[in-house]
1. Sort out which residues of the stretch 19-40 are under 11 Å from residue 91 (Cα atoms), of a type outside the set (A, V, I, L, M) and either out of contact with any strand residue (DSSP E or B) (no Cβ under 7 Å at 6 or more places or on another chain) or modelled with pLDDT under 95 (or both), and write them in order of number.
2. Could you please tell me which pairs satisfy a Cβ distance under 8 Å, a separation of 6+ or placement on different chains, a first residue in the stretch 162-180 that is at negative phi, and a second residue that is surrounded by 14 or more Cβ atoms within 10 Å (Cβ to Cβ) and part of a helix (DSSP H, G or I)?
3. Considering only residues that are within 18 Å of the chain's Cα centre (by Cα), among the basic types (Lys, Arg) and over 24 Å from residue 244 (Cβ atoms), which ones fall in the stretch 112-152?
4. With the stretch 37-139 as the region, which helices (runs of 4 or more DSSP H) entirely inside it contain at least 3 residues that are surrounded by fewer than 18 Cβ atoms within 10 Å (Cβ to Cβ) and without any contact (Cβ under 8 Å) to a residue 40 or more places away in the chain?
5. May I ask you to verify whether residue 62 is charged (D, E, K, R) and under 23 Å from residue 233 (Cα atoms)?
6. Out of curiosity, is residue 163 closer than 23 Å to residue 109 by Cα and part of a helix (DSSP H, G or I)?
7. Tally time: how many residues in the stretch 1-35 are assigned to a loop (DSSP other than H, G, I, E, B), polar (S, T, N, Q) and farther than 18 Å from residue 249 by Cα?
8. Take residue 171 and tell me if it is in contact with a Ser or Thr (Cβ under 9 Å, 6 or more places away or on another chain), assigned to a helix (DSSP H, G or I) and under 29 Å from residue 201 (Cβ atoms).
Amino acid sequence: MKKRKGKPTRVMIMSDLHCGNVSGIVPKHLWQRYSPFYHQQRTVWNFYNKAVETVKRERPVDLLVVNGDAIDGKGEKAGGTEIFLADRQDQYLCAKDVIDVVEAKEHHFTFGTPYHTGKGEDWERPLAEIYNAPIDPVAQFSIHGIGFNVKHKVGASQIHYNRANQISKERLNNLIWADYNGQLNARIVVRSHTHGFIYAGDHRFLACVTPGMQGFGSKYGSRQAGNLIAVGFIIVDVYPNGTIDFDWFVMPFEVVVKRENKIYTSYETRLKEWE
């Protein structure tokens with residue numbers, strides 16, 4: 001086993017903020033007081049802040065990678081009923097409030113799905129421009145000789161014991177692309193999109209699907225998807241001699257779904273509940 005030597009570079013990777021959606025991560029000043037999602041908004045935000053503070057106390061974040069779907073978009077499939085910030089400029093400014101909590105030294109962005117982030121314009125591009133940061137379909141970079149390949153979208157299996165197959169396939173795809181000099185040969189392959197957390201690897205590589213930062217209860221999430229979701233983010237520390245540490249911060253699942261049975265109550269019922 002390789003010993004850790006020197007000061008590591010800390011990389012934090014998070015995705016699927018879905019800012020603008022009532023079930024996305026919502027900064028405190030935007031909490032929806034009379035929404036059935038109020039408890040979840042508060043709980044997810046507090047979890048995120050405490051987790052980030054824990055990370056920063058141990059070691060500041062050198063690079064924050066925001067891996068797609070930072071905003072939720074127009075929400076056409078749900079008729080806009082889940083959107084509380086209709087203007088996508090307001091959505092990416094909301095995402096900025098989330099990102100600023102990390103106080104990262106550098107940033108890198110990837111494009112999310114067109115449905116959420118713009119079928120015409122790319123609404124995550126002006127978000128990246130705020131930080132003078134690159135935004136790519138696939139973020140490829142090397143830290144102390146360790147290659148990263150980070151992209152938003154990945155497939156998902158509905159069979160629980162096959163969930164690691166898709167991310168393992170992405171590792172193989174990277175090797176094929178690298179053989180044709182089309183991509184950097186990466187030891188760390190990261191995807192997001194599914195809001196589930198799974199990883200695979202051996203002594204030579206790590207392949208991971210990150211948790212999302214969106215909570216539970218959207219119409220095209222809880223009403224249709226069968227797989228478990230996870231709320232959180234991952235941390236990768238890369239040491240000068242090529243050793244890595246991999247960690248994650250994931251909200252306890254029972255906290256995410258604690259009030260699911262109240263998510264679709266009527267507005268009048270909600271008013272009585274908060275009186």
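1. 24
2. Hits for this filter: zero, empty list.
3. 125
4. Qualifying helices (runs of 4 or more DSSP H): 38-58, 88-100, 125-130.
5. Spelling it out, residue 62 is indeed charged (D, E, K, R) and under 23 Å from residue 233 (Cα atoms).
6. Considered against the rule, which asks whether it is closer than 23 Å to residue 109 by Cα and part of a helix (DSSP H, G or I), residue 163 comes out as no.
7. Residues meeting the conditions: 3.
8. no
The values are calculated or read from the model by the stated rules, or taken from the named source; none is laboratory data. Computed from a predicted model, the values in this text were never measured in an experiment. Positions of Cβ are generated from backbone atoms using ideal geometry, with glycine treated the same way; all protein chains shown enter the neighbour counts.
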